[in-house]
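Read-outs: derived from the displayed coordinates by stated rules, not from any lab. All values reported here derive from a predicted model rather than from experimental measurement. Here the Cβ positions follow ideal geometry from the backbone for every residue, glycine too, while neighbour counts run over all protein chains shown.
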Amino acid sequence: MLKYLARRLLYMIPTLVAITLLTFVISLHTPGDPAMLKLRNSEASGPGGAREFWPAYARERAKLNLDMPVFYFSLSRLALPDTFYRIAIPAHRKMLDNLCWEYGNWPQISKYYQRLKQAWLHPGEERDEMQDAALYHLLVASNARERVQWIKKLDRRRFGPVLEAWAELQSKARPWKNYIPSIHWHGRKNQYHYWLFGDGRENKGLLRGDLGRSFRSHRKVNEILSSAILVTLQISIFALLFAFLLSVPSGLFLAGRAGSFLDRSLSSLLFALYSTPAFWLGTLLIVFLGGGDFLNLFPPFGLGDISQRGFFDALLFRFWHLILPVFCLFYPAYTYLTRQMRNSALEEMQKPYVRALRARGIPLSRIRRKDIFINASLPHITLLGSFIPLIISGSVMIEVVFSLPGMGKTTLDALYARDYPVVFGAVLITSAFTVLGFLLSDILYHLADPRIQVKKEKA
Amino acid sequence: MRRHWPLLLLGFYLLTALLAPLLANSRGWIAMDQEGQITFPLFQQAPGGHPETDYRWVIGPPVPYLPADQDASEVRKAPFQSGKHLLGTDELGRDVLSMIIHATRKDMSVAFFATLLAGFIGIFAGMIATAGGSGFRQFKRIEIIFILLFSLPSFFYSFMILPRLMKEFLPFPLLQAFLAPAAFIGGILIPARLLGRLFRRGALARKVSLSPDPLINRLIEITVSIPVIYLIIMLVGSLGGQSTLVLILAIGLTGWTGIARLTRAEMLRIREQDYYRAAGALGLKRWQMILRHAVPNALGPVLTALAFGMANAILIESFLSFIGLGFPPDSATWGSLLNAGRQDLSSWWLSLFPGLAIFFIVLALNVSGERWRFRHRKEKI
């Protein structure tokens, strides 16, 4: 048993690592750029805006540690240099990537780029709008046609070096380099490593429990998430606890009267309830019972400010705010679990040993209490394990509908704003608890029923 | 009749989805114009736009509005308040019933195809995980070396070079999404196997059993561990765009795990059954055995999983639209209507009716799934 536990825990580690990698990779590909969002300015189009915007953007990027390579090594084409990540402006990267596809000779491309940048940064005394525009578009052009068009407009006299580099680029083209893979090793200075181990300044790294700082508010992620978890726990613990506890007697009650009118109608009612989307029911409850035009029994949003109130008053106030969300989390779990309980109890009752006991004259009620109840509860207990992640991660649906700043809503908002540290932290915590939850339910299952052997994965 | 209500309800939804432009449109079906000519405005003229008003009589669709028709004079009307809009209007004056009818198409197609995708991937994964026998699972040692050797180049070429080429010659995103992984796997296995044939004898040719089972199990565990909502949201964000295709991919790529687990469990169980082994003893080849005996018996539970899966897909998709990450908030889908209803709490009809639409189809699917499960709990030989 202990060996099994140890093995499962060991298996957990690569799973967790894979999860962090997966989250990391996916969130890097989500569109939207944290640096850009921070500057609250979409890519300033046109030469004028770009002059101010680009340096600021590059600085912001460096501040957020985004000017490092993403991982320890990277796989790319031979045509690209290993320092490609250093190019700060995304539009420039796109332009250079496009150039690489066409010509493939990085040394010449780099020379061309440097001279172009020089010309852009030091336009000299004469400021010709047409030349400015040409330089700008050459820096961001991502197809050949545009480039050719703007190159022609460049003033030969002033930008001779640029044109010279351009000619050299074209003459020494090596497009075949694009079809050969190359691996670059970046060493420890990469974003993933900094995320895990800390950047030597104030971030101590994931492995020491530091989840970094939010991109938006610069608060520590640990702090943000812990206050969010507190909110989520207030809702989910009550909801799921009640769901679990109440579903057992309900399921047994229904199983005991299986087939009767009561059972059929209640089961149908529960089934119908199960089929209603939680966010819809929540919205309806708000509309009809909350701050709408109808009854005004419950507050529609938020947790309620309890700072000014005395203890019991605060308790009641908070409770009043939480009734609707707790109910919306409670009822799907409750209906599902009751059904489960009912079905497994029915299954138990069909088993031969029950009949044998009955034949011996033992009253049904005692059989119910001692055998059926215990055996039918087994699947229930294991389900407890799979509900643990839900307790931590909260329900995004309910928190969004009722505007409660719990884990779900916080993560969603962070995702919208591309606040990666918060998103990573939340996903990591939830995934870790999910894996733990599975482990727990497995353990409980084996504890509860010693007959079930530990299954080895057969090759 | 009463017994078959779930399927009838589903059929009703399907019909509504297919006939949506006929049921809710501003152009009439049959009309007679001023000269006495009979015309069919809906079929003959370009869809949408203002209905021609100079007809002698018009027989039109039951809901004479398009979902996009805005009517500034009938803004935020409750149902039965204005004689014209049965279920009320939203803040732009669009008819709610029309929007619900047209939304049926979008929501059902996303849910259906996403479930289909999840089903395909799941069944495929489940089958691969249980693939046994000497042909599939055993690799020569030299082949393993080749596999490791070819993995990096294959990755490079199928995921970095191939998409670029496909962008030029085959601009179908669905095809790209499918071809790249296929090329990756094929690019590893095919050369490895072919080159492995060169080695007939010796230590390198000895066979090693390499089962894909643990790999697929880990994959399932990982996919399951990341909370579904986040995974979908990130997928929707990174696949770019809020189109039907992206939603189908996102929901399908996250929902396959249940079906995979089910298929795998069923296949493992069936393989031990007498009738299956008897078929093998009689001389049937493996693919014949699978097709004729394994699949029909494994399909029962899988179909119920598909029914529940589709219900779940509808819930997920409408929730995504509700928070604005599914279909754009402006388009008329059930979820986006619920979102509008939440913004404007006094327009209760915006919250009630689209939600009822979701509720009934989810109910029908759940009941169908449950009934199917009950029916097929016995084995069929």
Estimated FRET transfer efficiency (A:LYS189, B:ASP344; beta-carbon r; R0 51 Å; 0.05): 0.50
Calculated FRET efficiency for the pair A:ALA356/A:SER226, C-beta based, R₀ 56 Å, to 0.05: 0.55
Whole-angstrom Cα spans of segment B:285-371 along principal axes, big to small: 64, 25, 14
Helix B:334-343 vs. chain B, principal-axis angle (Cα, 0 to 90°, nearest 10): 60
Shape of segment A:34-208, Cα gyration tensor, a/c cut at 1.5: oblate
Cα-based convex hull, chain A, per residue volume (Å³, whole number): 246
Overall form of chain B per C-alpha gyration tensor (a/c, 1.5; a/b vs b/c): prolate
Residue list for segment A:262-288, given a label point 7 angstrom along the Cα-to-Cβ vector of A:SER403 and an amide N cut-off under 19 Å: A:279-288
Computed P(r) (all Cα pairs; the protein assembly as shown; 10 Å bins; percent): 2, 9, 17, 21, 20, 16, 9, 4, 1, 0, 0, 0
Contact order relative to length of segment A:34-208, as percent, for alpha carbon pairs under 8 angstrom and 6 or more apart: 32
Kyte-Doolittle at least -0.5, axis length at least 18 Å by Cα - qualifying DSSP helices, chain A: A:2-29, A:221-256, A:261-274, A:311-350, A:373-393, A:420-448
B:PHE120 versus A:ASP199: modelled label distance in nm, points set 7 Å from Cα along the beta carbon direction: 4.3
P(r), alpha carbons of segment A:221-458 - 10 Å bins starting at zero, rounded %: 7, 24, 29, 23, 12, 4, 0
Most mobile listed residue (B:LEU325, B:LEU116, B:LEU162) in chain B, GNM with C-alpha springs under 10 Å: B:LEU162
Degrees, to the nearest 10: B:348-375 long Cα axis against longest axis of chain B: 40
For chain B, calculated [θ]222 nm from helices alone, where every DSSP H run of n ≥ 4 adds -39500 (n - 2.57): -20500 deg cm²/dmol
Separation in nanometres of the label points that stand 7 Å from Cα toward Cβ, at B:SER73 and A:ALA258: 6.3
Sequence-separation-based contact order of chain A, relative, with Cα cut under 8 Å and 6+ spacing, percent: 17
Kirkwood hydrodynamic radius over Cα pairs of segment A:314-441, then Stokes diffusion coefficient at 37 °C and 0.692 mPa s, in µm²/s: 186
Pairwise label distance in nanometres, A:GLU129 with B:LEU149, each label 7 Å out on the Cα-Cβ vector: 6.3
